[in-house]
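Worksheet: the structure to be examined is printed underneath.
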Amino acid sequence: MPTTPFDLTAKVAIVTGAARGIGLAVATVLARAGAHVVLADITPAAFAETILEFEAEGLSVEFAALDVSDQQAVDRLVADVAARHGHLDVMVNNAAIIDDSTPLTVTEAELDRVHAVNFKGVVFGSQAAARVMIAARSGSIINVTSGVVDVAIPAVTGYSTSKAAAAQYSRALAMELAPLGVRVNTLAPGWTDTPMNERHVLRADGSIDPERKAAYVAMRAASAPLGIAGDPMDQAYAVLYLASDAARFVTGTVMRANGGVTMPW
Ligand SMILES: NC(=O)c1ccc[n+]([C@@H]2O[C@H](COP(=O)([O-])OP(=O)(O)OC[C@H]3O[C@@H](n4cnc5c(N)ncnc54)[C@H](O)[C@@H]3O)[C@@H](O)[C@H]2O)c1
């Protein structure tokens, strides 16, 4: 018997976009809590180092190449995991990409590119997981959105609109699935130190400028009421809560792990 509701022993989880950043932290925390975790990413080569670290810790994981914007591939992976393990308990739709477009300049191509991953990827992952979870009348779907759903940012327009769509979709899905025993929640991270944000501090040769990076992280920390910038593990522990039986009464919520940055004033 689990001694704590955060114990995920015997549970099976899929985490998309798990090769780095928040997805990697989420996969690590869920595996350390006892789950068998399937790490899925469009760049599986990035798993090479991670495999050794997971092995060294003795965690139960497997790795899959997956483009979340490919509905058939998502369906195949989820069905395969459920068939091999007999169940799927946790689905974390985390994979995303970002743009730097403004509302006035965003192009149709950019909208299509970003929405295909950030919005449709969430829909495809949620639907595939829901089919398995409804049959079991049990499961937790966690869709990673962003603090951008709470504020107006005159950049990243493809990203912010895709995240708003994913947030609204998740709320509606939570209503549809609640009577069927499946919980759906969103995680809305505030600024978190991951490779996604390093595009702002790159040198011309593509390497990271450590001084610019330190200044950027400090600026982000100063903008949050708690005075700190997010670490991927801050997001991962929030996902652990939503994934676990500790959150059995929680659905349709937005978990904001963001240092208080979107508190009303
Ligand atoms: N870092 C932040 O400040 C922040 C803030 C708010 C929300 N988020 C959200 O958190 C999640 C993780 O972000 P991150 O900062 O770790 O990003 P990241 O760019 O560091 O990692 C994203 C991962 O997703 C993978 N990926 C991209 N496209 C994919 C696809 N089509 N199919 C499968 N995998 C794909 C990438 O290969 C990468 O491993 C995203 O949903 C992001 O929008 C991040």
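Observations
- Ordering A109, T186, A247 by the projection of their Cα atoms onto the charge dipole of the chain, which places +1 on the Cβ of Lys and Arg and -1 on the Cβ of Asp and Glu, puts A247 at the extreme positive end.
- R0 of 22 Å, Cβ-Cβ distance A136-Q72: FRET efficiency to nearest 0.05: 0.45
- Near H36, once Lys and Arg are set to +1 and Asp and Glu to -1 for all other residues with Cβ below 9 Å from its Cβ, the sum equals 0.
- Ordered by the number of other Cβ atoms lying within 10 Å of each residue's own Cβ, fewest first, T16, T192, T4, T50 fall into the sequence T4, T50, T192, T16.
- The label point for I153 and the one for T9, both projected 7 Å from the Cα toward the Cβ, are 4.1 nm apart.
- For the range 1-46, convex hull volume per residue from C-alpha positions, Å³: 59
- Cα-based Rg and Dmax for the range 164-253, where Dmax is the largest Cα-Cα distance (Å): 17.4, 53
- Put simply, the amide H of N258, placed in the peptide plane, has neighbours under 5 Å in G190, leaving out anything fewer than 5 places away on its chain.
- Surrounding net charge for Y169, when Lys and Arg each add one and Asp and Glu each subtract one, Cβ distance under 12 Å: +2
- Volume of the Cα convex hull of the range 86-195, divided per residue and given in Å³: 102
- Diffusion constant of the range 1-139 at 4 °C, which comes from Stokes-Einstein with the Kirkwood Cα-pair radius and 1.567 mPa s, µm²/s: 83
- Here the chain is treated as an ellipsoid with the same Cα gyration tensor; its semi-axes, largest first and in whole Å, are 28, 21, 19.
- In order through the range 149-164: 3J(HN,Hα) via Karplus (6.51 cos²θ - 1.76 cosθ + 1.60), integer Hz, x for Gly, Pro: 6, 9, 9, 9, 10, x, 8, 6, 5, x, 5, 5, 6, 5, 6, 5
- Derived scalar couplings between HN and Hα for the range 243-250 equal 6, 8, 5, 4, 9, 5, 9, 10 Hz in order, rounded to whole Hz, by the Karplus curve 6.51 cos²θ - 1.76 cosθ + 1.60 (θ = phi - 60°), x for Gly and Pro.
- When +1 charges are put on Lys and Arg Cβ atoms and -1 charges on Asp and Glu Cβ atoms, the dipole computed for the range 211-265 relative to its Cα centre reaches about 140 debye.
- A helix-only calculation puts the chain at -13500 deg cm²/dmol for mean residue ellipticity at 222 nm, using -39500 (n - 2.57) for each DSSP H run of at least four residues, averaged over all residues.
- Neighbour-count ranking [beta-carbon atoms within 10 angstrom, fewest first] of L202, L111: L202, L111
- The magnitude of the dipole of the chain, with charges of +1 and -1 set on the Cβ of Lys/Arg and Asp/Glu and taken from the Cα centre, is near 720 debye.
- Other residues whose C-beta falls under 11 angstrom from the C-beta of I208 contribute a net charge of 0, scoring Lys and Arg +1 and Asp and Glu -1.
- Neighbour counting of Cβ atoms within 10 Å sorts the residues M219, M255, fewest neighbours leading, into M219, M255.
- For V38, the amide hydrogen comes within under 5 Å of the amide hydrogens of A13, I14, V15, E62, counting only partners 5 or more places away or on other chains and with H modelled in the peptide plane.
Every number here is computed from the coordinates shown, using simple stated rules; none is lab data. These numbers were taken from a predicted model, which means no experiment stands behind them. Don't worry about glycine lacking a Cβ; one is built from the backbone with ideal geometry, like all the others, and counts go over all protein chains shown.
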